[in-house]
Amino acid sequence: MHNTGQRSRFLITTTCFGLAFLYIPMVLLIIYSFNYSKLVPVWGGWSIRWYKVLFQSEDVWEAVALSLKVATVNACFATLLGTLAGLALVRFGSFKGRTLFSGMITAPLVMPEVITGLSLLLLFITLKELIGWPDKRGFTTITIAHITFSMAYVAVIIQSRLAGMSQDLEEAAQDLGAKPFRVMIDITMPLIAPGMLAGWLLAFTLSLDDLIIASFVSGPGATTMPMLIYSRVRLGLRPDINALATIIIVVVAIGIILAGWIMFRQQKRRELELAMSSEEA
């Protein structure tokens, strides 16, 4: 009993230290975004001066808009393709080329981003020489590059979700005469909806955060938000970057809270439906 109490205190202590190590820098960043001083380490009093500077910076908002567009399109396509890949790996059993297909899905997870970015850059250069497309590197090439690695993460999430899910409802629907496509739309998709939402959010976040691959496949005039932040930080810390990071933290926090609330409601609704079906049976 004494050892159990010591283990519990140790786990709580290490968890608190880990969370503090993660979140205290974010809190400091938010505080210093309201610093009046132009020198980030020097506190000059509370002010929203750098938020005004940020909102007047057109190049920052162009980079933010590009990153948001890329992340949204990437998340939608990555979720669609990753869901189909996960369904194929779990529900279609053994098929010719399954091992190769599974390896190709998981390869982007372990491949260094530098190698991925360089290979995609060479691909786009070769395609331009052969067929004249893409005529320039920008939104399209960045989005395609992000989809190639984001869908792998979504496929893993959907695969794990399906692997731990009973097929009783799907088999019952098939016994009642439902076609496979109808079973997938009416039964499978609602059951894996939380996993799809988690995959969408993960793909969106990975795209919004990517710097290395986007640096390889972007061209002149196509600067994403991470590329802009990195280029400015290299020249020294700037308070307006702190303000931009604060806005991103707030938006992400709101998104996480909304996603958690939606997933919680879906889980409660599913539990209620299962309880009602059990009572009827």
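None of the figures in this text is laboratory data; all of them are computed from the coordinates on show. Model, not experiment: these values are computed from the prediction. Here Cβ is always computed from backbone atoms with ideal geometry, including for glycine, and neighbour counts include all displayed protein chains.
Points worth noting:
- Simple Cβ-charge dipole of the chain, Lys/Arg +1 and Asp/Glu -1, about Cα centre, in debye nearest 20: 680
- Distance from segment 194-271 to segment 26-91 (C-alpha centre basis), Å: 6
- Where Rh is the Kirkwood radius over Cα pairs, Rg/Rh for the chain: 1.05
- Cα gyration tensor shape of segment 70-192, rounded if a/c is under 1.5, else prolate or oblate by comparing a/b with b/c: prolate
- For segment 1-97, a crude dipole built from +1 on the beta carbon of Lys and Arg and -1 on the beta carbon of Asp and Glu, taken about the Cα centre, is about 360 debye to the nearest 20.
- Peptides 142-150, 36-44 ordered by average Cβ neighbours within 10 Å, highest first: 142-150, 36-44
- Dipole of segment 55-248, positive end: most advanced residue of L244, I185, S207 [Cβ charges, Cα centre]: S207
- A simple count of charges around A243, restricted to other residues whose Cβ falls under 11 Å of its Cβ and scoring Lys, Arg +1 and Asp, Glu -1, yields +2.
- Dividing the summed helix terms, -39500 (n - 2.57) for each DSSP H run of n ≥ 4, by the number of residues in the chain produces a 222 nm estimate of -26500 deg cm²/dmol to the nearest 500.
- Under the span-like rule (Cα at least 24 Å along the axis, Kyte-Doolittle mean at least 1.0), DSSP H helices of the chain: 58-91, 113-131, 139-163, 189-209
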